Amino acid sequence: MPEGTTPTMALLQISEPGQAPDPHARRIAIGIDLGTTHSLVASVRNGVAECLPDEHGQVILPSAVRYLPEGKRLIGAPALASQSQDPANTIVSVKRFMGRGLKDLPHPDHFPYAFANQPGMLSLNTLHGLKSPVEVSAEILACLRQRAEDTFNDDIYGAVITVPAYFDDAQRQATKDAAHMAGLHLLRLINEPTAAAIAYGLDNASEGVYAVYDLGGGTFDISILRMSRGVFEVLSTGGDSALGGDDYDRCLLELALEQSQHQALNEMDASLLLTAARACKEQLSTQEHAMFSAALSDGLLTTTIQRTEFEDRAQPLTHKTLQAVKKALRDAGLKAEDIQGVVMVGGSTCMPHVQSAVAALLNCTPLNNLNPDEVVAIGAAIQANQLSGNNPDGELLLLDVIPLSLGIETMGGLVERIVPRNQTIPTAMAQDFTTYQDGQTALALHVLQGERDLVKDCRSLARFELKGIPPMAAGSARIRVTFTVDADGLLSVSAVETKSGVHAQIDVKPSYGLSDEQIAAMLQDSFHTAELDKNARALAEARLEADRMWLATQSALKADAQLLSADEQAVIQQLMDAVLAIKTSQVPADIEAATEALAKGTEAFAAARMNNGIRKALAGQHIGAMS
Amino acid sequence: MQSAGSLQQPLSLAATDFELFGLPTQFELNRDHLDAQWKALQLRVHPDQFALHGSADKRLALQWSVRVNEAYQRLKNPLRRAAYLCELQGVPLQAEDNTSMPAAFLMQQMQWREDLDEAHTKAALTSLQSEVHRAQQLALQRCAHSLDIDQNWLAAVQEVRALMFMERFEEDLNDRLDRLEDA
């Protein structure tokens with residue numbers, strides 16, 4: 001296609017001035033571990049995935065944001081270091097608040113923050129006004145994005161961000177919103193244990209069934225996976241989103257207070273005790289006993305803690321994690337002896353009694369030859385590199401599962417399960433509903449997530465109102481509601497009245513999370529879009545999508561033009577030329593219309609190519625099975 | 001191996017699960033082969049393979065990936081596979097409106113329920129579990145014979161219904177075991 005060459009270059013130069021005009025140039029893709037206590041960014045360089053250090057050589061960024069007067073802010077280590085100067089304006093462990101309302105916090109008074117009960121998600125009142133947890137997370141993500149841009153001296157094409165496997169829909173959506181706000185093109189949300197398995201499995205060329213035991217600062221996750229030649233199939237997942245290393249710290253702290261007869265009298269004491277507990281815990285990982293000391297307001301606390309005392313006190317916590325491991329095994333239909341190895345992730349797995357308890361249950365030596373702090377970011381970077389097309393010959397496929405069941409409210413406050421947990425995603429389930437009144441044209445649905453039978457024990461995700469049902473006699477309408485969970489684990493709902501074929505209109509009222517309007521408003525005054533007006537942003541997005549569509553069509557034609565007649569090819573070529581021609585327009589809607597026309601015009605071609613791919617898959621398998 | 005004849009026609013989202021996976025329409029199947037087909041198909045249709053594509057391709061990939069997962073879930077579960085085969089033969093389960101079961105079967109169910117109520121130890125529960133498991137295996141064998149050899153769909157449907165009762169009982173049994181272990 002000689003006429004295609006020059007315009008392609010122009011196209012890329014217009015929209016992505018920082019990138020090489022060669023469409024086959026490497027795209028910079030990053031993996032981000034957005035953790036409760038700290039966050040990391042990694043990328044694949046020269047075929048090797050590694051964490052990117054900041055200008056001081058540190059790869060770990062404490063997940064802390066301090067809001068200062070005059071619109072200034074500190075992020076990471078300097079924020080954490082000065083936390084005691086202004087605890088109310090120093091937000092740490094914001095991940096615990098993602099997708100959560102004020103009433104979800106068991107002890108809001110245990111935090112030094114001025115919470116505000118906003119609809120959808122709690123907010124924090126800071127020197128910079130009300131801040132949603134999404135905005136605070138976006139500050140951390142933007143800081144890591146900047147670090148990656150500085151490292152490569154280039155724009156970032158896209159990012160994979162990790163979330164705990166046990167995160168529900170609201171928490172995942174909040175993470176996705178934070179990425180958007182930080183100006184990152186989110187390629188995929190993946191589960192932390194799955195990311196660890198990728199890093200581990202590819203590093204060790206492991207095959208077979210493995211467990212990933214991930215004990216982080218604030219959450220515990222367990223996943224059982226089958227690994228085979230680049231395919232990572234999650235068989236089951238489980239855990240506890242409110243159990244982590246912090247709870248072990250609290251055990252030590254209680255022990256120290258009991259032994260010393262001291263008391264925590266204020267905020268400052270509490271914070272000093274936690275710091276002392278963390279230091280003591282680290283020592284106890286390598287020593288039989290350790291000194292616990294903290295200068296409290298009622299005097300200096302010093303006491304010696306025996307490792308065995310600590311282990312006895314923390315035993316119920318470890319037991320709780322082992323129960324979750326057993327449950328995950330049962331869900332996968334497996335026994336402990338089926339597990340070939342267990343990957344340990346998270347700093348808390350350094351505790352020897354945790355290691356030995358897991359080893360005893362699964363009867364295998366824990367694998368920990370990769371840095372437990374870095375392994376999640378490394379796995380995310382490998383997946384990001386793959387999704388950006390930098391590794392066209394490599395095969396990497398994640399078949400993850402939905403961690404919590406989805407259901408709807410029925411009569412009497414009961415939950416009817418629609419999508420059971422541990423089902424491979426993407427997945428969809430359809431359920432038929434009917435009307436109970438003559439001429440009824442609307443239907444309300446309440447979607448919940450969780451394993452319990454009662455509505456009050458599950459997490460409310462959203463209320464849907466289906467409107468525009470054709471009026472019929474009671475009980476005669478057949479409304480098929482389809483719940484689709486995409487590869488990120490996010491839910492969408494569609495509905496159709498099957499007798500008339502009328503698509504019901506759906507109004508979604510998310511119980512948690514932010515509405516589109518709230519996000520738009522936050523984007524408007526967020527730091528990274530401050531210089532862009534709404535139109536410029538829409539224009540940039542429209543051009544990017546036009547580029548993507550144009551390039552995707554070009555490579556599709558290159559690969560599978562033989563599936564089209566000459567006429568069909570000419571039609572597609574015209575649509576592509578039209579996209580190119582309109583690219584310089586200043587009206588986003590015009591560009592979007594041309595892109596949409598190209599998308600519509602290539603639907604049949606896309607379907608034919610998909611069919612071709614499926615046939616190749618089956619044919620390949622047959623050859624494999626016969627040989 | 002079965003013929004690859006279905007590969008000549010274009011596959012659509014409406015193809016049967018068996019057609020989609022290139023498998024013969026029968027109850028017996030090789031689980032390893034099914035798993036391999038599933039992964040081969042997902043390597044072609046999973047949305048991650050279309051990360052660089054336009055939104056139309058992504059939508060299509062999502063639809064196909066969902067469809068392939070749906071078929072896999074149904075094919076890998078013997079009970080659901082049997083029910084699906086009966087449905088394809090025009091003999092739906094009618095599980096909700098048709099619950100009439102042979103008296104002997106119902107007697108056995110009642111006996112099991114009583115046994116479950118009286119089982120308070122792990123040993124008693126696991127013993128009941130293996131008894132149920134044996135009954136399931138026998139019913140599955142009879143079901144397979146009805147489907148693949150006799151082609152007696154009505155007999156097969158009857159076995160599927162019995163198996164559904166047993167599955168529900170097994171869930172209750174497992175719940176009890178879980179609670180015992182968590183305590």
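Consider A:ALA264 carefully, then state whether it is crowded, with 18+ Cβ neighbours inside 10 Å, in a loop (DSSP other than H, G, I, E, B) and not β-branched (Val, Ile, Thr). Here the answer is yes, as A:ALA264 does meet what is asked. With respect to the conditions (1) at pLDDT below 85; (2) touching a helix residue (DSSP H, G or I) at 6+ places or on another chain (Cβ under 8 Å), A:PHE464 lacks only one, and its number is (2).
Taken over the range A:229-261, the residue count meeting the criterion of being surrounded by fewer than 20 Cβ atoms within 10 Å (Cβ to Cβ) and more than 30 Å from A:ILE382 (Cα to Cα) is 8. Within the bounds of the range B:9-16, is there any residue that is surrounded by fewer than 22 Cβ atoms within 10 Å (Cβ to Cβ), at pLDDT below 95 and touching a Lys or Arg at 6+ places or on another chain (Cβ under 8 Å)? The answer is yes, given that some residue of the range B:9-16 is surrounded by fewer than 22 Cβ atoms within 10 Å (Cβ to Cβ), at pLDDT below 95 and touching a Lys or Arg at 6+ places or on another chain (Cβ under 8 Å). Pairing residues of the range A:381-397 that are within 17 Å of A:GLU233 (Cα to Cα) and not assigned by TED's automatic domain parsing to the domain that holds A:ARG548 with residues that are of a type in the set (Lys, Arg) and not in a helix (DSSP H, G or I), at Cβ distances under 9 Å and at least 6 apart in sequence or on separate chains, gives A:GLN383/A:ARG188; A:GLU395/A:ARG229.
Quick grid of which residues meet (1) within 14 Å of chain A (Cβ to nearest Cβ); (2) crowded, with 17+ Cβ neighbours inside 10 Å:
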site: B:GLN141; (1), (2): no, no
site: B:ILE149; (1), (2): no, no
site: B:ASN152; (1), (2): no, no
site: B:GLU159; (1), (2): no, yes
site: B:ASP175; (1), (2): yes, no
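One residue stands out among those in the range B:42-66 that are surrounded by 22 or more Cβ atoms within 10 Å (Cβ to Cβ) and more than 7 Å from chain A (Cβ to nearest Cβ): the one that is farthest from the chain's Cα centre (by Cα), which is B:PHE50.
Any residue that is more than 25 Å from A:ILE382 (Cβ to Cβ), in contact with a Lys or Arg (Cβ under 7 Å, 6 or more places away or on another chain) and among the hydroxyl-bearing types (Ser, Thr, Tyr) - is there at least one of those in the range A:75-98? Yes, the range A:75-98 contains at least one residue that is more than 25 Å from A:ILE382 (Cβ to Cβ), in contact with a Lys or Arg (Cβ under 7 Å, 6 or more places away or on another chain) and among the hydroxyl-bearing types (Ser, Thr, Tyr). Filtering the range A:80-114 to residues that are free of Cβ contacts under 8 Å to residues at least 60 places away in the same chain, buried (at least 19 other Cβ atoms within 10 Å of the Cβ), in contact with a Ser or Thr (Cβ under 8 Å, 6 or more places away or on another chain) and not β-branched (Val, Ile, Thr) leaves A:LEU80, A:ASN89. If you go through the range A:194-250, how many residues are farther than 17 Å from A:ASN369 by Cα, among the hydrophobic types (A, V, I, L, M, F, W, C) and within 22 Å of the chain's Cα centre (by Cα)? Count: 11.
For first residues located in the range A:418-430 and farther than 13 Å from B:SER65 by Cβ and not assigned by TED's automatic domain parsing to the domain that holds A:VAL481, partners that are surrounded by fewer than 20 Cβ atoms within 10 Å (Cβ to Cβ) and modelled with pLDDT under 90 and lie 6+ apart or on another chain with Cβ distances below 8 Å do not occur. Here the condition is being within 22 Å of the chain's Cα centre (by Cα), assigned to a loop (DSSP other than H, G, I, E, B) and surrounded by fewer than 17 Cβ atoms within 10 Å (Cβ to Cβ); of A:GLY333, A:GLY389, it holds for A:GLY389 alone. Restricting A:GLY407, A:GLY412 to residues that are in a helix (DSSP H, G or I) and either of a type in the set (Val, Ile, Thr) or over 21 Å from the mean Cα position of the chain (by Cα) (or both) narrows the list to A:GLY412. The sole residue among A:THR321, A:THR286, A:THR302, A:THR308 that is more than 14 Å from every other protein chain (Cβ to nearest Cβ) and touching an Asp or Glu at 6+ places or on another chain (Cβ under 9 Å) is A:THR308.
Mind checking which residues of the range B:44-68 are acidic (Asp, Glu) and touching a residue at least 24 places away in the same chain (Cβ under 8 Å)? Scanning the range B:44-68 gives no hits. Taken as a whole, the condition of being within 14 Å of another protein chain (Cβ to nearest Cβ) and outside any strand (DSSP E or B) does not apply to A:GLN431. Checking A:THR349, A:THR318, A:THR304 one by one, the residue that is in contact with a His (Cβ under 9 Å, 6 or more places away or on another chain), under 20 Å from A:SER223 (Cβ atoms) and either assigned to a strand (DSSP E or B) or in contact (Cβ under 8 Å) with a residue 12 or more places away in the chain (or both) is A:THR318 and no other. The numbered conditions (1) within 13 Å of chain B (Cβ to nearest Cβ); (2) among the aliphatic types (A, V, I, L, M); (3) assigned to a helix (DSSP H, G or I) are all true for A:ILE378 except (1).
Tell me, yes or no, whether the range A:238-247 has at least one residue that is more than 30 Å from A:LEU387 (Cα to Cα), touching a Ser or Thr at 6+ places or on another chain (Cβ under 9 Å), hydrophobic (A, V, I, L, M, F, W, C) and not in a strand (DSSP E or B). Yes, some residue in the range A:238-247 is more than 30 Å from A:LEU387 (Cα to Cα), touching a Ser or Thr at 6+ places or on another chain (Cβ under 9 Å), hydrophobic (A, V, I, L, M, F, W, C) and not in a strand (DSSP E or B). Of all the residues in the range A:444-484, those that are more than 23 Å from A:VAL502 (Cα to Cα) and either of a type in the set (A, V, I, L, M) or outside any strand (DSSP E or B) (or both) number 11.
Among the residues of the range A:148-174, the ones that are in contact with a Ser or Thr (Cβ under 7 Å, 6 or more places away or on another chain) and farther than 16 Å from A:ALA384 by Cα come to 3 in all.
The values are calculated or read from the model by the stated rules, or taken from the named source; none is laboratory data. Please read all numbers here as calculations on a predicted model, not as lab measurements. Glycine also receives a Cβ, built like all others from the backbone with ideal geometry; neighbour counts cover every protein chain displayed.
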